[in-house]
Amino acid sequence: MHKPSPQTVPETPSSQGEPLPLDSSLVFKLVRVVNLTARPFQAGMGKAHQLSLNEWRAMVVLASRPGCVATDIAEATGLDKMSVSRALSGLRRLDRVLFKSDLQDQRRSNVYLSKAGRKLFEEIGRHAMDREAELFNGVSSDELQTMGSTLDKLVLALKSSEAK
């Protein structure tokens, strides 16, 4: 078996004796939590209702902010505009959302959950609330409050760094 020469093997933190940031990186941990919580949704509710995770995220925003525009959904979810556009197209295709022209700006559309969309939101929302309670079982209310405050600070920091 041919052993690669030292020049062909790139230097990595682990080859230099430094630990990989995998275990200590908060960003990596946040991404992991998102992925682990999304997986059951995609396998269960998403598959059963022909609903992508981004479509669900858009529905959550529309349920709390009826009549908002696509850019509001992007801002609330952190998704890029193209992902929101695809999500809204998927929801529209299955008659889960309605678009109405904005009275102040005819180029924009206000988006609402349709009757079918509201019904689906309520059904999945019950499961989502149960899942959240299960996820945070064993985490104290003080810890949850601290986590919420910390995440709010991170969002503000990210928004301000994007504006630069």
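Where a number appears in this text, it was derived from the coordinates with a stated rule and is not lab data. Please read these numbers as outputs of a predicted model, since none were measured by experiment. Neighbour counts run over all protein chains shown; Cβ positions are idealised from the backbone, glycine included.
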Given the peptides 74-82, 32-40, 55-63, arrange them by the average over their residues of other C-beta atoms within 10 Å, most packed first. 55-63, 74-82, 32-40
If you add up the charges near Gly46, with Lys and Arg at +1 and Asp and Glu at -1, over every other residue whose beta carbon is less than 12 angstrom from its beta carbon, what do you get? +2
Could you give me the ³J(HN,Hα) list for segment 122-137, computed from phi with Karplus coefficients 6.51, -1.76, 1.60 and θ = phi - 60°, whole Hz, x at Gly and Pro? 5, 5, 6, x, 4, 5, 5, 5, 4, 5, 5, 4, 5, 4, 9, 4
Using only the alpha carbons of segment 47-135, what is the convex hull's orientation-averaged projected area in square nanometres? 6.0 nm²
Tell me which residues come under 5 Å, amide H to amide H, from Cys68 once H is placed; ignore anything under 5 positions away on its chain. Val111
Ranked from highest to lowest mean number of other Cβ atoms within 10 Å per residue, what is the order of the peptides 45-54, 97-106? 45-54, 97-106
If you average the C-alpha positions of segment 130-163 and of segment 44-87 separately, how far apart do those two centres end up, in angstrom? 20 Å
Treat every Asp and Glu Cβ in segment 47-135 as -1 and every Lys and Arg Cβ as +1, leave all other atoms uncharged, and give the resulting dipole magnitude about the Cα centre to the nearest 20 debye. 380 debye
So, in segment 41-164, how many Lys pairs have Cα atoms under 19 Å apart, if the pair is 8 or more places apart or on different chains? 5
Once you place label points 7 Å from the Cα toward the Cβ at Thr146 and Val33, how far apart are they in nm? 1.3 nm
